[in-house]
1. Scan segment 152-165 residue by residue and report those that are surrounded by 13 or more Cβ atoms within 10 Å (Cβ to Cβ) and closer than 21 Å to Asp34 by Cβ.
2. Here is a list: Lys136, Lys149. Which entry is surrounded by 16 or more Cβ atoms within 10 Å (Cβ to Cβ), among the charged types (D, E, K, R) and part of a strand (DSSP E or B)?
3. Tell me the residue from Ile174, Ile140, Ile152 that is farther than 19 Å from Asp121 by Cα, at pLDDT 90 or above and either in contact with a helix residue (DSSP H, G or I) (Cβ under 7 Å, 6 or more places away or on another chain) or in the same structural domain as Asn114 (by TED's automatic domain parsing) (or both), please.
4. Go through segment 18-48 and count every residue that is within 25 Å of Val4 (Cβ to Cβ), surrounded by fewer than 17 Cβ atoms within 10 Å (Cβ to Cβ) and in contact (Cβ under 8 Å) with a residue 24 or more places away in the chain.
5. Residue check: is Asn51 surrounded by 14 or more Cβ atoms within 10 Å (Cβ to Cβ), in contact with a Phe, Trp or Tyr (Cβ under 7 Å, 6 or more places away or on another chain) and more than 29 Å from Gly139 (Cβ to Cβ)?
6. When residues of segment 96-118 are filtered for being farther than 26 Å from Ile30 by Cα, in contact (Cβ under 8 Å) with a residue 40 or more places away in the chain and outside any loop (DSSP other than H, G, I, E, B), how many remain?
7. Within segment 119-133, track down each residue that is surrounded by 14 or more Cβ atoms within 10 Å (Cβ to Cβ) and either modelled with pLDDT of 95 or more or assigned to a strand (DSSP E or B) (or both).
8. From the list Ile85, Ile52, Ile93, exactly one residue is β-branched (Val, Ile, Thr), assigned by TED's automatic domain parsing to the domain that holds Ile24, part of a helix (DSSP H, G or I) and modelled with pLDDT under 90. Which is it?
Amino acid sequence: MKEVTKIKIGNSTAIISFLIGTAIFLSYVISENDSLFLIGYIYLIAAILVNIYVLCWLLLQSSDDNAIKKGLNRSKIFIVANIPIAIGYFFTIVYLLSYLRITFVNSTGETITNVRIIGCDNKNISQLRTDQKETKWIGINGDCSVDIKYFINGEENQETVVGYASGPMGQRLIYEIGSNVEAIQ
């Protein structure tokens, strides 16, 4: 096999692995579709095996031509460079899975004040006008739940937003305030 073809195989393996991995990663981050998480996991295993095989094969290749040696070494570096990228993607996913990203929408028809988010991670929203929304990142620290308490027309109300959360159960949610009201006496 020609040395130039060997270099192309190494470069193509690195580039294709990077592009497919990045596409799966970005698709998951944008959509948070659980099937993409599984596809990404399977792809990661397959990509590791293919890249290790190609890297070992490239390590066994040699040439007396300096230009070919440089090309082979560059291909090896491209393949190895995918490792920190994959690790970065992994830690980003783990980070996302440790947070509930909840968009609170005021669907009560009235302005609500002093919204206190209680449970996994305590947060506050001072005021939400009708149909206004605000997103809060709520850290999941062990087994927990998320409730809100708020005032509407001087009366305090309470709602359960998430009954149970545990790491890594992070997800993005839209919660309409006023959909699960319990008046506090």
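The values are calculated or read from the model by the stated rules, or taken from the named source; none is laboratory data. For clarity, every value in this text was computed on a predicted model and none was experimentally measured. Because the Cβ atoms are built from the backbone with ideal geometry, glycine has one as well, and the counts that use them run over all protein chains shown.
1. Residues satisfying the conditions are Val161, Val162, Ala165.
2. Lys136
3. The conditions single out Ile152.
4. The total comes to 1.
5. No; evaluated as a whole, the condition is false for this residue.
6. So the count comes out to 2.
7. Result: Gly119, Lys123, Ile125, Gln127, Leu128, Lys133.
8. Testing whether each residue is β-branched (Val, Ile, Thr), assigned by TED's automatic domain parsing to the domain that holds Ile24, part of a helix (DSSP H, G or I) and modelled with pLDDT under 90 leaves just Ile93.
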